Amino acid sequence: DQQVKQNSPSLSVQEGRISILNCDYTNSMFDYFLWYKKYPAEGPTFLISISSIKDKNEDGRFTVFLNKSAKHLSLHIVPSQPGDSAVYFCAASFERAGGTSYGKLTFGQGTILTVHP
Amino acid sequence: EAQVTQNPRYLITVTGKKLTVTCSQNMNHEYMSWYRQDPGLGLRQIYYSMNVEVTDKGDVPEGYKVSRKEKRNFPLILESPSPNQTSLYFCASSLSPAPYYEQYFGPGTRLTVT
């Protein structure tokens, strides 16, 4: 049962335009969400996160939006650059301590973003 | 340089031949975990460790063992590898299991079991 889903396997965008990557989750107990970026032959690296008490978090060109009622989050990259081409994973976790799932990241399948010059 | 290292990076082996993938971090992190990445499934947690001598199962622990005798090392052991364990494996570490502490991932180990 895939609790975190990224339904778009790939996304192609022109340089300078906006990239929007989407993620849906089913477990309403998740209360902390993260985006990781992965280049080929490297491990994932943390990009941006959001707690469920917020609906938006910005960091430079990257903004994450959270819609708790829809169990949906999205990552906006503006403007997109060729160096942003990578696989993007969304992940969900639990901010409250305790329980066997504390610390575990539940990942989506990933979306391959290609930014064309 | 703060990092998580894994060895080997690539490994081709045969069914049933025991192997160990090493993981080491130099950040004095308490929390470490292993994930496997498979097409269409994302990354799934295999095992995790809250501290030395404290380990527990993740979502897909079958066929794997781990140990945490030292804080910096968290090896993944496949006692009798099978073809369904062919995958890309990542070790990760963080200061704390709390999600707002960034998890640092190693570069990955690509394992093929024939």
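What follows draws every value from the coordinates through simple rules; no lab data is involved. Remember, predicted model here, so these are calculated numbers, not experimental data. Neighbour counts run over all protein chains shown; Cβ positions are idealised from the backbone, glycine included.
Details
- First in region B:58-76 and under 18 Å from B:Thr22 (Cβ atoms), second anywhere and among the aromatic types (Phe, Trp, Tyr) and surrounded by 15 or more Cβ atoms within 10 Å (Cβ to Cβ), Cβ under 7 Å, 6 or more apart: B:Tyr64/B:Tyr47; B:Val66/B:Trp34; B:Val66/B:Tyr47; B:Val66/B:Phe74; B:Arg68/B:Phe74; B:Leu76/B:Trp34; B:Leu76/B:Tyr64; B:Leu76/B:Tyr89
- Where A:Phe65 falls short, out of the listed (1) touching a Phe, Trp or Tyr at 6+ places or on another chain (Cβ under 7 Å); (2) farther than 24 Å from B:Ser87 by Cα: (1)
- In region A:58-83, the residues that are more than 12 Å from A:Ile48 (Cα to Cα), small (Gly, Ala, Ser) and without any contact (Cβ under 8 Å) to a residue 60 or more places away in the chain: A:Ser69, A:Ala70, A:Gly83
- Matching residues in region B:76-114 - criterion: being buried (at least 18 other Cβ atoms within 10 Å of the Cβ) and over 12 Å from B:Ser33 (Cβ atoms): B:Leu78, B:Pro81, B:Gln85, B:Ser87, B:Pro99, B:Gly108, B:Thr109, B:Leu111, B:Val113
- Looking across region A:26-39 at every residue that is buried (at least 21 other Cβ atoms within 10 Å of the Cβ) and more than 9 Å from chain B (Cβ to nearest Cβ), the one that is farthest from A:Lys56 (Cα to Cα) is identified as A:Phe30.
- Which numbered condition A:Glu42 fails, given (1) surrounded by 13 or more Cβ atoms within 10 Å (Cβ to Cβ); (2) within 14 Å of the chain's Cα centre (by Cα); (3) within 14 Å of another protein chain (Cβ to nearest Cβ): (2)
- Within region A:45-71, the set of residues being within 14 Å of chain B (Cβ to nearest Cβ) and among the β-branched types (Val, Ile, Thr) comprises A:Thr45, A:Ile48, A:Ile50, A:Ile53, A:Val64.
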